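The values are calculated or read from the model by the stated rules, or taken from the named source; none is laboratory data. Not measured: the values here are computed from a predicted model. Positions of Cβ are backbone-derived with ideal geometry, glycine not excepted, and every protein chain shown enters the neighbour counts. Ligands, DNA and RNA are stripped out before the accessible areas are found, and what is left, the full protein with its side chains, is counted by its heavy atoms. Shrake-Rupley method; radii C 1.70, N 1.55, O 1.52, S 1.80 Å.
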2 protein chains.
Amino acid sequence: MIRRLPQSRDRGIPEATVARLPLYLRALTGMAERGVATVSSEDLALAAGVNSAKLRKDLSHLGSYGTRGVGYDVEYLIYQISRELGLTQDWAVAIVGIGNLGRALANYGGFVSRGFRVAALFDANPEVVGDHIAGLNVEHIDELEAVIERRGVSIVVIATPAAAAQQICDRVIAVGVTSILNFAPTVLSVPEGVDVRKVDLSIELQILAFHEQRKGDRESGGPVMAEGLQQGASA
Amino acid sequence: MIRRLPQSRDRGIPEATVARLPLYLRALTGMAERGVATVSSEDLALAAGVNSAKLRKDLSHLGSYGTRGVGYDVEYLIYQISRELGLTQDWAVAIVGIGNLGRALANYGGFVSRGFRVAALFDANPEVVGDHIAGLNVEHIDELEAVIERRGVSIVVIATPAAAAQQICDRVIAVGVTSILNFAPTVLSVPEGVDVRKVDLSIELQILAFHEQRKGDRESGGPVMAEGLQQGASA
DNA sequence: ATCCCTTTGTGAACGTATGCACAAAGTGAG
DNA sequence: CTCACTTTGTGCATACGTTCACAAAGGGAT
């Protein structure tokens, strides 16, 4: 079973806060680019889509980096959050499974800009092995262990079919990987000390469908009325 | 700012429970395929990666569908969860932004199998418009409103660059869409009554990096020992 | 130097989620 | 029918997360 992420209280930063720090970081980066020097919790919260009390409490877990009456220094806060998240280091990421999704991930720009470097791509299909994607050669899955160790990969992204995921997971854990991002629609079982995060596209849609159905219940028809769509409750 | 999903207590099903129902559904589907007729909360919990008390409490929110001393009837539970999630209906989904990710989503098999039907694809790039992907023509973004209404799309997936996301969001809301799955790395602001779910690949990696860093703190070296190829902090 | 204004950081109240532990409810053997 | 066994459904204690509301702290004007 997927373990709870450990160390949530290593130095007292709650898991919920950690999950929001990247959000703040993104908002701050945008502000820095627009030349904003300081920002209040109110404004930053607005930009990040949370309320200001939550933002302040979150930041207070990192330390006292604000100035009362003024706000937070944008550059300084970017540095502090980056450091806390470990983004001042360079993380080598491997992507396993170069299907549509794997390809999309390999080309995704959001990684590089945040301390992540796609360092290796793997696939089992001989037709794909050898392809050049995002400046990298696709390696055969047989090379998995050797290449991971050689290139110091510490985070592995699994984008294989569900049936292959557990096996890949076991293999990378065997060579010391302890952080896995899983896109395969399956539950990975991992030993204590290994972190798995799961992204499941169909689950997100199902949650939306649940709420969408509830809206429909109170109004006219269900979702399948096509043409005569009412414009629904946006208020 | 992104609104809290409403209706979390519509009929008393907590949001945390709703988020796990798709997990149970997947585990159950696998069991049904393997011919399993009934399952205990213990076994189902194991397959879904949660503990059994939580599973039972979750299911109890839907009703009393188990039999004490026996367990749950797999087929019946599949039906009940599907109904609760609204998957017994047919949901028309549109994908906006046919880049690498949009393409991957259009081809993703996990949708169709669960009541979702990709009904339209949109892109702004004339070179992409007209392409045939997953049996669909890519439409020009100018057709967004017309096609959404014509085909009864009720859920929109945004896979555009961040800069375009808010505009697309506003436009689909204007024609009555109230459920949006956002892959663009930006905060969407929507009116009350519209549900936005966000999937952000780089945020997941950042959370992993945080925990990975914590592990490293207590052990030997940091992540970047590799072949000596780190180029230092990107922040 | 004093006063007023702004904004942070946080104590306290509230709400939600988790997990234990057990009574209630069912099965099946004898 | 009774008894022993299994497994659900849930009350309760605890942990976690959110929000309010305000004292403490700093800035700047006079």
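The table that follows gives values for the structure above.
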quantity	calculated
Residues located in the range B:100-132, provided they are farther than 30 Å from B:Y65 by Cβ, touching a strand residue (DSSP E or B) at 6+ places or on another chain (Cβ under 8 Å) and within 10 Å of chain A (Cβ to nearest Cβ)	B:G102, B:R103, B:L105, B:A106, B:N107, B:A119
The one condition in (1) among the aliphatic types (A, V, I, L, M); (2) touching a Ser or Thr at 6+ places or on another chain (Cβ under 6 Å); (3) away from DNA strand C (no atom under 13 Å from the Cβ) that B:V93 fails to fulfil	(2)
Where A:A53 falls short, out of the listed (1) within 13 Å of DNA strand D (Cβ to nearest atom); (2) in contact (Cβ under 8 Å) with a residue 60 or more places away in the chain; (3) small (G, A, S)	(2)
Per-region count, the range A:171-185, residues within 17 Å of B:A48 (Cα to Cα) and within 7 Å of another protein chain (Cβ to nearest Cβ)	1
Filtered residue count, the range A:191-211, keeping only those that are among the hydroxyl-bearing types (S, T, Y) and more than 7 Å from every other protein chain (Cβ to nearest Cβ)	0
Any chance B:L188 is within 14 Å of chain A (Cβ to nearest Cβ) and in contact with a Cys (Cβ under 6 Å, 6 or more places away or on another chain)	yes
The range B:86-100, residues that are closer than 24 Å to A:F210 by Cβ and crowded, with 21+ Cβ neighbours inside 10 Å	B:G86, B:L87, B:W91, B:V93, B:A94, B:I95, B:V96
Single unsatisfied condition, A:V70 versus (1) more than 16 Å from DNA strand C (Cβ to nearest atom); (2) touching a strand residue (DSSP E or B) at 6+ places or on another chain (Cβ under 7 Å); (3) open to solvent by 70 Å² or more (accessible area, probe 1.4 Å)	(1)
Any hit, the range A:39-47, residues being modelled with pLDDT of 95 or more, away from DNA strand D (no atom under 11 Å from the Cβ), away from every other protein chain (no Cβ under 14 Å) and part of a loop (DSSP other than H, G, I, E, B)	yes
Test: residue in the range B:66-79 that is within 14 Å of another protein chain (Cβ to nearest Cβ), outside any strand (DSSP E or B) and closer than 25 Å to B:G30 by Cα	yes
Verdict on A:S179 being polar (S, T, N, Q), crowded, with 16+ Cβ neighbours inside 10 Å and at pLDDT 95 or above	yes
